[in-house]
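Structure first, then comments.
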Amino acid sequence: MQSSLFKKYLMALTGIVLVGFVFVHMAGNLQVLLGQEAINAYAHALQNLPAPILWGSRLFLLVCVLIHAITAYQLIKENRAARPRSNEVEVTKRAGWSSLRMGLTGSLMLAFIVFHLLHFTIRTIFPEYNDLKTTVGSPDGSEIHDVYNMILAGFRVDAIAIFYVICMFLLCRHLAHGVSSMFQTLGLRSESWRSRLDLFASAYGWIIFFGFSIIPVLVMAQKYGLVTCLESSCGSSCSANL
């Protein structure tokens, strides 16, 4: 019992880190809407952080993801082993869609993280992304990686754009239940606050969904001529012929 409680605390604490990271990552990505210079300068600044900060934060996030995933798997196994077969129908009726499928959505999110890293960070799926260079957004006029055009190129592949949107919907549902459960595990969700915290968790999940999905949706819309400019201000060119 104490072991299970400790695992729940680990899940909640690592969940807080990951929830915060997801929001910051979304805010950074949305700089695409400010134009090529903004997102390139932002990405270049991140990639050139001092090595201890850059790799320390990456390692910390990786450890949090692994702890979160492993403890979730262990708790699911323990819950299934402890639940009598006769109660399964009753439990299924009481549990919501997100609650029943937290293990599934979490597993899919883990697979998506691997794909996302290979796609845009390590760039092994499309090695040609490494050849995208520009001086736009460079702090000193030297050539830097053109993250802006890489994002446009990536989401102009319809299957990838659709895949990202679907995964962001699954993330939305995972967060909606996970954030609510996090409050409960840490003893921050009383009965009087339950509905408001559940509403906050659901709203947060949808904010993340729309914040991440707007970019692939706009890129596809631009590709098919439904919009003429990706940037919110349309103040700079957005016609990258890739």
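The values are calculated or read from the model by the stated rules, or taken from the named source; none is laboratory data. Computed from a prediction, not measured in an experiment: that's the story for all the values here. Positions of Cβ are backbone-derived with ideal geometry, glycine not excepted, and every protein chain shown enters the neighbour counts. The accessibility values were calculated without ligands, DNA or RNA, using every heavy atom of the protein model including side chains. Shrake-Rupley method; radii C 1.70, N 1.55, O 1.52, S 1.80 Å.
Counting lysine pairs in the chain whose alpha carbons fall under 29 angstrom apart, excluding pairs fewer than 8 residues apart on the same chain, gives 6.
Rounded to the nearest 500, the 222 nm mean residue ellipticity of the chain from helices alone is -23500 deg cm²/dmol, with -39,500 (n - 2.57) taken per DSSP H run of at least 4 residues.
Charged neighbours of residue 36, selected by a Cβ distance under 15 Å, balance to -3 (K, R count +1; D, E count -1). Taking all protein chains together, 226, 62 sort by accessible area into 226, 62, largest first [probe 1.4 Å].
In the set (1) 17.1, 50; (2) 20.4, 69; (3) 18.4, 79, the label that goes with Rg and Dmax of the Cα atoms in Å computed for this structure is (2).
Since only 82, 213, 105 are under comparison, the one whose Cα sits farthest along the positive direction of the charge dipole of the chain, derived from C-beta charges on Lys, Arg, Asp and Glu, is 82. Note: relative contact order over the chain, using C-alpha pairs below 8 Å and six or more positions apart, is 28 percent.
How would you order 120-130, 24-34, 150-160 from highest to lowest mean count of nearby Cβ atoms within 10 Å? Before the final figure, lay out the partial values.
Working: 120-130: 13.5, 24-34: 15.9, 150-160: 18.2.
Put in order of decreasing packing, that is 150-160, 24-34, 120-130.
Of the accessible area of region 92-222, computed with a 1.4 Å probe over protein heavy atoms only, carbon and sulfur atoms account for 67 percent.
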